[in-house]
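This report concerns only the one structure given below.
Every number in this text was worked out from the coordinates using simple rules, so none of it is lab data. Remember, it's a predicted structure, so these values are computed and weren't measured experimentally. Every residue, glycine among them, receives a Cβ derived from its backbone with ideal geometry; neighbour counts consider all protein chains shown.
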Amino acid sequence: MQPTPVSPPRMPAPTAAEKFKNWLNKEAVSGWLFVLPVVIGTGMFMYRALNASRGISFTSWDLLQPPSFNGLENYRIMFTRDGKFVQALGNTLFFVATLVPIGIVCAMALAILVNRKMRGLAFFRAAFYLPHITSTIAIAAVWIWIFNPDFGLVNTLLGRLGVQALPRWFESTVWAKPALLTIRVWQVSGYYMIFFLAGLQTIPDDLYEAAAIDGANAWQKIRLITIPLLSNTTFFAVIMLTIESFNIFESIYIITEGGPGGSTNTLLYYIYTEAFQSYRMGYASAVAWVLFFILFVLTAGQFWLRRRAE
């Protein structure tokens with residue numbers, strides 16, 4: 001006689017609490033729960049404003065008279081007859097093309113610098129991060145003095161180095177943008193340093209020890225280990241800094257007011273002047289939606305390139 005097959009014991013059905021726990025353990029669900037407060041806040045406080053702005057962009061409205069529908073007239077003027085918009089777009093692209101790579105390199109360099117055991121480490125980390133949380137007005141006052149063309153720190157040092165034609169900085173159409181770029185790099189480097197520092201602390205020390213045994217020098221360790229393993233952090237930082245570069249406003253508002261000659265007039269500052277100085281709310285809304293479309297396309301393109309590279 002053949003033995004009667006013994007069926008395996010039946011596992012008890014998971015309880016409702018276990019099902020809920022398993023559901024929470026899914027990575028996608030956990031991620032959505034973390035961003036849920038922001039999504040709710042955006043839906044409650046921004047959706048109606050965005051929808052209203054979209055409608056206003058097709059009108060002519062000076063805040064005094066009721067808005068009148070004018071179709072695509074604002075967009076037609078923007079791309080065919082408005083030289084200030086083209087200038088503001090060019091200035092904005094300059095800040096994006098320079099601030100993003102320089103800021104990322106400086107932030108990563110600072111993170112590597114403070115990702116080691118040394119005396120006063122907490123002080124240096126706090127000092128590098130401090131510009132990001134310092135009042136923009138206080139920062140502007142200090143940098144206006146530093147770049148003062150007559151008795152500022154920068155021109156004093158350049159004069160002692162023998163430079164004859166000292167830049168006029170914020171008074172010059174050539175040097176105003178580099179001066180503002182310097183300020184923004186100084187402000188954002190410490191903030192993005194925190195992200196890279198967190199990424200560095202997830203890299204196992206064994207990889208660096210193995211590379212040292214193979215004879216790799218410091219630069220080879222950075223190039224072959226640090227930079228590749230920080231690719232996800234770099235991708236996130238590039239997206240965030242790109243958005244921030246398009247939205248540069250405070251330092252321009254306080255220091256240059258878009259001058260001289262419109263050389264520092266960016267899209268966000270142009271939207272502000274059109275809306276609250278020229279009272280062209282419809283046109284300002286149209287420019288804002290063009291800025292949103294540019295950011296959307298760039299961000300989507302970065303995600304597509306990232307997936308293709310992977």
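Taken about its Cα centre, the chain carries a charge dipole of roughly 460 debye when the Cβ of each Lys and Arg holds +1 and the Cβ of each Asp and Glu holds -1.
In this structure the amide hydrogen of THR59, modeled in the peptide plane, comes within under 5 Å of the amide hydrogens of ASN70, none closer than 5 places in sequence on its chain. Within straight cross-link reach of LYS117, meaning Cα distance under 15 Å, which aspartates and glutamates are found once same-chain residues fewer than 8 apart are removed? By straight Cα distance, LYS117 reaches ASP205.
Only Lys, Arg, Asp and Glu count, each charged at its Cβ (+1, +1, -1, -1), so figure out the dipole size of the range 101-220 about its Cα centre, rounded to 20 debye. Kindly include the intermediate steps, with their values, before the conclusion.
Working: 8 positive and 6 negative charges, 77 e Å.
Approximately 380 debye in magnitude.
The chymotrypsin sites (Phe, Trp or Tyr not before Pro) of the range 139-200 that meet both conditions, a loop assignment by DSSP and at most 14 other Cβ atoms within 10 Å of the site Cβ, are PHE151. Could you tell me what % of all Cα pairs in the chain have separations over 30 Å? Cα-Cα pairs in the chain separated by more than 30 Å: 53 percent. Given the C-alpha centroids of the range 242-272 and the range 205-220, what is the distance between them in whole angstrom? Measuring centre to centre over Cα atoms gives 45 Å. Residue by residue, the range 35-46 carries 3J(HN,Hα) couplings of 8, 4, x, 5, 5, 5, x, 5, x, 7, 10, 10 Hz when phi is fed to the Karplus relation 6.51 cos²θ - 1.76 cosθ + 1.60 (θ = phi - 60°); x denotes Gly or Pro. Projected onto the charge dipole of the range 59-309 (+1 at Lys/Arg Cβ, -1 at Asp/Glu Cβ, origin at the Cα centre), which of LEU121, GLN87, TYR272 gives the Cα projection farthest towards the positive end? In the range 59-309, that residue is LEU121. Considering only MET240, THR256, LEU180, the residue lying farthest towards the positive end of the dipole of the chain is MET240, judged by Cα position with unit charges set on Cβ.
Using the Karplus relation 6.51 cos²θ - 1.76 cosθ + 1.60 with θ = phi - 60°, the per-residue 3J(HN,Hα) values for the range 290-305 come to 5, 4, 4, 5, 4, 5, 5, 5, 5, 5, 4, x, 5, 5, 5, 5 Hz, with x marking Gly and Pro.
List the trypsin sites (Lys or Arg not before Pro) within the range 66-118 that DSSP assigns to loop and that have no more than 16 neighbouring Cβ atoms inside 10 Å. Listed in order of number, the matching sites are ARG81, ARG116, LYS117. Against the chain, whose longest principal axis comes from its Cα atoms, helix 231-246 is set at around 30 degrees. Relative to the longest principal axis of the Cα atoms of the chain, helix 136-146 runs at roughly 60 degrees. Maximal additional length on extending the LEU295-LEU63 stretch stands at 80.8 nm, based on 0.36 nm per residue less the C-alpha distance.
Per-residue ellipticity at 222 nm, computed for the chain from helices alone with -39500 (n - 2.57) per DSSP H run of at least four residues, works out to -21500 deg cm²/dmol. Footprinting exposure proxy ranking of VAL96, VAL174, VAL185, VAL287, fewest other C-beta atoms within 10 angstrom first, gives VAL174, VAL185, VAL96, VAL287.
For the range 56-124, what is one quarter of the convex hull surface built on the Cα atoms, given in nm²?
Values: hull surface 34.3 nm².
So the mean shadow area of the Cα hull is 8.6 nm².
Sequence-ordered 3J(HN,Hα) estimates for the range 120-127 from the Karplus curve with 6.51, -1.76 and 1.60 and θ = phi - 60° stand at x, 4, 4, 5, 5, 4, 5, 5 Hz, glycine and proline given as x.
The angle separating the long axis of helix 83-114 from the principal Cα axis of greatest extent in the chain is about 50 degrees.
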